[in-house]
1. Any residue at all in segment 83-95 that is of a type in the set (Asp, Glu) and assigned to a helix (DSSP H, G or I)?
2. Would you please list the contacts, defined by Cβ atoms under 8 Å and residues six or more apart or on different chains, that run from a residue in segment 104-129 that is at positive phi and in the same structural domain as Cys56 (by TED's automatic domain parsing) to a residue that is among the small types (Gly, Ala, Ser) and not in a loop (DSSP other than H, G, I, E, B)?
3. Taking only segment 67-78 into account, find how many residues are surrounded by 20 or more Cβ atoms within 10 Å (Cβ to Cβ) and farther than 15 Å from Glu30 by Cα.
4. Could you grab me the full set of residues in segment 1-60 that are among the charged types (D, E, K, R), outside any strand (DSSP E or B) and within 23 Å of Asp78 (Cβ to Cβ)?
Amino acid sequence: MKVVIAGGGAVGTFIGDELQRAGHTVHIIELDERRTERARASGEHAGVEWHAADACEVDSLRTIGLDDADVVAAVTGDDEDNLVISLLAKQEFAVPRVVARVNNPKNEWLFNENWGVDVAVSTPHLLTALVEEAVSVGSLVRLLSFEGGRASLIEVTLAPGTPAAARRRHTGRSSASRDSRPRSTGIIGSSLPWETKAGRASRPGAGSRLTARASGSQEESATSPAKRSGSRSARS
């Protein structure tokens with residue numbers, strides 16, 4: 001897979017090295033020529049192709065070969081640049097997958113399909129979700145969004161004494177009558193107490209039982225935005 005990374009800072013360099021070690025062809029575009037020269041001379045990033053160019057320029061992207069790129073990652077420290085790079089990658093070169101870094105969380109609403117972004121990564125929001133995961137009981141925590149925000153991975157921690165505890169999960173056509181979850185929501189994984197599953201994540205199947213404990217048991221679900229309010233009322 002050919003991956004083009006715009007931004008040769010700490011984030012872009014780390015991503016590039018990891019993907020190169022995984023066997024992918026990696027190109028990093030960096031505006032700072034001195035930074036590019038140091039990276040080439042150091043030999044620390046063997047196998048990664050460095051290019052001193054402006055990733056916001058169509059000609060530069062064409063020269064580097066974005067026409068056959070499988071993934072573009074716009075991870076510069078400037079949100080405006082990341083949006084421009086994403087838009088050019090999608091509209092001018094029809095790159096199948098565009099991932100963009102969100103530096104200022106207030107700008108996250110811009111990082112959508114209108115700007116060519118398939119996946120937006122906002123570190124502050126991810127950290128917030130992790131903190132909420134550690135302290136929230138009985139409320140939904142959004143972990144990730146997919147398909148331009150049309151679907152989300154959320155987590156809920158079951159509080160002790162919840163009516164959902166000891167309820168078995170059913171499958172089949174009759175499950176709707178025995179499960180209060182909206183149809184657009186489905187349980188995809190759960191973390192059960194140590195005494196039952198040795199603390200390992202497991203995929204629930206027919207007959208799986210939801211449990212609660214002092215610290216709560218986690219349950220991951222996939223849901224669409226239109227049904228989030230319904231999910232919250234059904235799970236609270």
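The values are calculated or read from the model by the stated rules, or taken from the named source; none is laboratory data. Keep in mind that this is a model prediction, so the values were computed, not measured. Because the Cβ atoms are built from the backbone with ideal geometry, glycine has one as well, and the counts that use them run over all protein chains shown.
1. no
2. Gly116/Ser86; Gly116/Ala89
3. Here the count works out to 2.
4. If the condition is that a residue be among the charged types (D, E, K, R), outside any strand (DSSP E or B) and within 23 Å of Asp78 (Cβ to Cβ), then Asp17, Glu18, Asp32, Glu33, Arg34, Arg35, Glu37, Arg38, Asp54, Glu57, Asp59 are the ones that fit.
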